[in-house]
Structures are given as C-alpha cells and as structure tokens.
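Okay, structure first, notes after.
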Amino acid sequence: MDVNEFRVRGKEMVDYICNYMDTLDSRRVTPSVEPGYLRELLPAEAPQDPENWDAIMADVENKIMPGVTHWQHPRFHAYFPSGNSYPSILGDMLSDAIGCVGFSWAASPACTELETIVLDWLGKAIGLPEEFLAFTEGSKGGGVIQTSASECVLVTMLAARAQAIRKQKQQHPFVEEGVLLSKLMAYCSKEAHSCVEKAAMICFVKLRILEPDDKCSLRGATLQQAMEEDEALGLIPFFVSTTLGTTSCCSFDNLREVGPVCRRFGVWLHVDGAYAGNAFICPELKPLLNGIEYADSFNTNPNKWLLVNFDCSTLWVRDRIRLTSALVVDPLYLQKYIRHHIRLAKRFEALVQKDRRFEVCNEVKLGLVCFRLKGSDELNQKLLSNINASGKIHMVPASVNEKYVIRFCAVVQNATEEQIDYAWDVITQFATELLDTQNLEKDQV
C-alpha cells in the first residue's frame, strides 16, 4: 500500500468506523458463535501473496464481526465502561503514524514531558495530594502511564518489596535476601481484584486476604489485628493494596482507618481506583477519596470512564525514586458524562427497588448496580443465563456477601434513560417467565 492508496483507504476506514458506531444497535450485543468458529473460516497458514484491501475488509465484516462482543453497544451493561471516543481514535491514529517508542526522555523528549504534564493535570483534577504531582515545588512524586491496573499493582508491590528488603538488610546485613523475602507479607481485602494475588505470586511474597465488613469495605481494625498476628509469628508486613470501587460491587475500603495502620507499621499503602478513581474529577464525589493522604501510590484507568481508548492506566507515586530504584538495573464535559452515568445507575436502582421480587445488593455510589431476584443463587444464575442467551442485553455476575448477584453497569458514552428502561423491561420479562415456569413446576409436583 503506497501513500496514495493509504489516503483512500484511510478515508474509507473512517467511514467504516462511523457507520459501525451509527448502526451498532442493529447488531447483537454478544456473538452467536461456538468456540473455534473462526478456525474453520481462515486458512491453516498465512497467505503467501498479498490480498486486495477490499477482500480483507470483506473478511472483517463477514468473519470477524460475527464473533465480536460489542462493548460500545447501547445494550451492553457488563463489566465496566470501555473508553471510546472519536478524539481518542484520532489520537491513536496519530500516535501509530509517529511510531515512536518513547521509553526515555532521550528516546523522545516530547513523549516524556507531555506524559508528565498531563498526569499532573489529571492528578489535580482527581484531587491527589500535591506530593503526588511532579511539578509541585519540593515534590518527589509524579505520574506515569501504564498498560493496566494489574501492572500498577505489580510495579508498586515490586517497589515496596525492594524497599522492605533494603531496610531489613540494613538491620540484618548477614542474612540472605531469600530468607528475608520469605518473611514478607502483603495484605488485601477479599474484594480486591485477583491481580493482587497474581502480583504476590510474581514477587514471591506471601499474601494475606482479609475479610471486609458487611459493606464489603476493608477496615483498619481488621488490618491491624492481622499485622500484629503476623509480626508475632516473625513475619514482616510490607504492602497493603486497597480498592476504591471494587470490581464485584463498587465498594470502598476505609482509607481513613487503613492509612494510619500502614503508617504505624511502616507499610507501603497502594490505592487501586481503576474504575472509581475517574469519578473523583467531580467535586461532589471527592469525599470518596478521603484518606488518600496516607497513600504511597494510586492508580486509575482513564480507559474505563474518561473516554480514552484501551490501554491507558495512570499511576502516581509519592516518591518516584522509591519506584524507579526498585526497577533499575544499575474537565468539565467529562464530569457531566460521569454524572450522567451515575444518574442512570440511580434510575436503574429505583426500578429494581420498585419491584418487590428483586433486591439491590450494593451501595450504589457510582455507575454500578448489583441486584438479584429474591431467591436462590440457582434462580439468579438461570435468569442471567436466559437473558444473555437472548442477545438482547448483556450483563455479568459477581459474588457479594456470599450471594450470586447480577451486575448492571452504565457503560455507553451516550447512554439514555430509554436504554435503561429497555434493559429493565427485558430483565423483568425474563424474570416473570422464569418465575411462572418455576411456579408451574411446583404446581405439577
């Protein structure tokens, strides 16, 4: 493809993308295919000769699109939002064209400097302490873009591990590092993302998973008791991963209680705000960030709720030297958008509460509602299975307080009240059919 054909095909691709976005509601939310469907449609080996671009795009539409789950679909309510917007798409195009691997200032000065400046902008908008901002006078902190929240947790745990080993080596210079490593203990709530457990495995450290309270929040007393028990056993607490806006039910760990405990024990406190962190650009939601002054690091994912395409996870640290030394070998429209999603979630919550057959299972603070039919887990599993199989809307389950719940999330950029009402109509229709069938079977027994 030469530059002249690229001009033509580029314009065609923009038209294809616009048409895709404009006609999404005419497609199924989830694909109706079986595992392995694509293997039969593609050759066993890569083509020896190039194909015409029109033929490639025909394959995209006829072979790839039938197997795509459409995360930007107005009836997709699973997981969390997947950031997408026309400016973000254009930004990706330009970045791909420049093709710069800006891994250091020398590799591309503009990349490093723009990243640092924009991360300060976002950190200020969120309400992070000034110590986390690169350009605050006397600050040792700053922000950096990572690929995922999982990477942020891993990187900060590695930094905390290096800090803890260094401190122990000063106190016990003749003890092997492997022995010291075997004593390190990290902590998180049962509601924390599984990436914390995986990070501990990669770091070769122990992880103690703690029980949250009845609102799925990790409390200070629980953490303190665990640390005291572990110290009595000769273990070394070194890292705590907390969450603001958990995956299962969008619960918030109590930073105001957990923070002082971490300070008392000299432990690194990380705050994972992958979803909820974006919401703190809204002034009225900043109280959910209370206690952040105790944190050593914080991350959020603009690709979840700030209309930025995947992948973009932002990480801030209070002391960047502690981070880099561990790895060295020698917005107003966005506020309106977030508030709109929260209003839609509240609308859905109200619909659930009006139907006595259902119950809400979480505190609805942001854009996620966890709900279920009153009854057994099996009943709710069947309900969700029937709804998703229909292709009319798509949701996913979670476990909250040992109960099977259904997660409903406002995810689409231009979501409407009509779409929320449509989703609730679908849910209640399938619930009625399921309960009627259940009652009929009981009558026949």
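A few comments on the model shown:
- Residue in the range 362-408 that is farthest from ALA423 (Cα to Cα), counting only those that are assigned to a loop (DSSP other than H, G, I, E, B) and of a type in the set (Val, Ile, Thr): VAL364
- ARG75 vs. criteria closer than 30 Å to HIS341 by Cα and of a type in the set (D, E, K, R): yes
- Cross-chain or 6+ apart pairs with Cβ under 9 Å, the range 369-390 first and closer than 23 Å to PRO81 by Cα, then in a helix (DSSP H, G or I) and of a type in the set (Lys, Arg): VAL369/LYS346
- Flag if GLY67 is loosely packed, with under 10 Cβ neighbours inside 10 Å, within 27 Å of LYS392 (Cα to Cα) and not charged (D, E, K, R): no
- Extreme residue, surrounded by the most Cβ atoms within 10 Å (Cβ to Cβ), among residues of the range 246-281 that are part of a strand (DSSP E or B) and among the aliphatic types (A, V, I, L, M): VAL271
- Every residue from the range 296-308 that is modelled with pLDDT of 95 or more and either aromatic (Phe, Trp, Tyr) or more than 17 Å from ASP120 (Cα to Cα) (or both): PHE298
- Boolean, GLN146 is touching a Cys at 6+ places or on another chain (Cβ under 6 Å) and either surrounded by fewer than 14 Cβ atoms within 10 Å (Cβ to Cβ) or more than 22 Å from MET227 (Cβ to Cβ) (or both): yes
- Residue count for the range 80-114 satisfying the condition of being of a type in the set (D, E, K, R) and either under 21 Å from the mean Cα position of the chain (by Cα) or under 21 Å from GLN335 (Cα atoms) (or both): 1.
The values are calculated or read from the model by the stated rules, or taken from the named source; none is laboratory data. Small disclaimer: the values here were computed from a predicted structure and weren't measured. Cβ coordinates were reconstructed from backbone atoms using ideal geometry, including for glycine residues, and neighbour counts include every protein chain displayed.
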